[in-house]
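This report refers to the structure that appears directly beneath it.
The values are calculated or read from the model by the stated rules, or taken from the named source; none is laboratory data. Just so we're clear, the structure is a prediction, and the values are computed from it rather than from any experiment. FYI the Cβ positions are ideal-geometry reconstructions off the backbone, even for glycines, and counts take in every protein chain you see.
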Amino acid sequence: MTDAIQTPTGTYGERLQSARRAQMITVEDVAQELRLSTEAVNALEAEQIDIFGAHAHVVGHLRCYCKLLDINADELLADYRKKYPDWDQLPAKVGLTPSRIQRWGRLKPVAWILGIAVVILIAYQIWGSFILGWFPG
């Protein structure tokens, strides 16, 4: 059986980057596999965690990244937790970019108005054609 590849030395970001490069995997490949943007992958490697909102998100992404590269996540996360000892006590940031679902939620009043207008037009058409005989059939 093969064990996980040895984690390279350096900070956790340097470890990720050197392991990725050693396996000849591009940032784009990692982003596609982890379903992250290339900016997010670069931020993980550069240790710029501000874009993720909460430390729990960073820890999750780091775990997935380690699994993808087949490196020891526990060692890497221990390094991360040393750098941010209060990582599990910090709340998520407020004011992040709204998700697609939240953006679509803003359109609900418009959808209701359009839906009601369509129902009224259909009812008017039916009422005019069957009851008043406006539209001969």
(request) Identify the residue in region 39-86 that is of a type in the set (S, T, N, Q) and within 15 Å of Q17 (Cβ to Cβ) and, among all such residues, is surrounded by the fewest Cβ atoms within 10 Å (Cβ to Cβ). (result) Q48
(request) Please go through region 49-90 and pick out each residue that is acidic (D, E), modelled with pLDDT under 90 and outside any helix (DSSP H, G or I). (result) D86, D88
